[in-house]
């Protein structure tokens, strides 16, 4: 391969915003790879996962709490998209029930995202007034899960 052909490959990468290009020809193999600068580059594979995640979220939307917390209460919101669980496993008691006192370190639920179980803490002191999500329901980022009356 001469330099003109190599320049054409580089131009092809630039025109199509490719980060990597591999060409196998007979017994020759050429692999060109750009250094990613961390800028706003969209990669195709993760984008394909987004529509799948939105279908369950659309179904969960009607069950969301009304906009804004009622007077005298504070919402504990989901920090991520995932599946809401009230207990560590189906045989365990829920982390909290309505009427329970919580403090900043009290685990109130688990949100499973990408096979990782994330413990969600109250991060405040107060009394659980209402649990807004059903066990096993999909939650969105920022969706209210609990209403707590601060102490």
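The values are calculated or read from the model by the stated rules, or taken from the named source; none is laboratory data. Predicted model, so just to flag it, every value in this text is computed and none were measured. Cβ: placed from backbone, ideal geometry, glycine included. Neighbour counts: every protein chain shown.
Quick check: anything in the range 119-140 exposed (fewer than 13 other Cβ atoms within 10 Å of the Cβ) and in a strand (DSSP E or B)? First the steps, then the outcome.
Step one: list which residues in the range 119-140 are exposed (fewer than 13 other Cβ atoms within 10 Å of the Cβ), which gives 119, 134, 136.
With the extra rule that they be in a strand (DSSP E or B), the set shrinks to 119.
Yes, the range 119-140 has at least one match.
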Of the residues in the range 103-116, those that are exposed (fewer than 13 other Cβ atoms within 10 Å of the Cβ) and within 12 Å of the chain's Cα centre (by Cα) come to 114, 115, 116
Within the range 7-17, the count of residues that are surrounded by 10 or more Cβ atoms within 10 Å (Cβ to Cβ) and in contact (Cβ under 8 Å) with a residue 12 or more places away in the chain comes to 3
Only one of these is at pLDDT below 95 and over 18 Å from residue 151 (Cβ atoms): 71, 50, 122, 104. Name it. 50
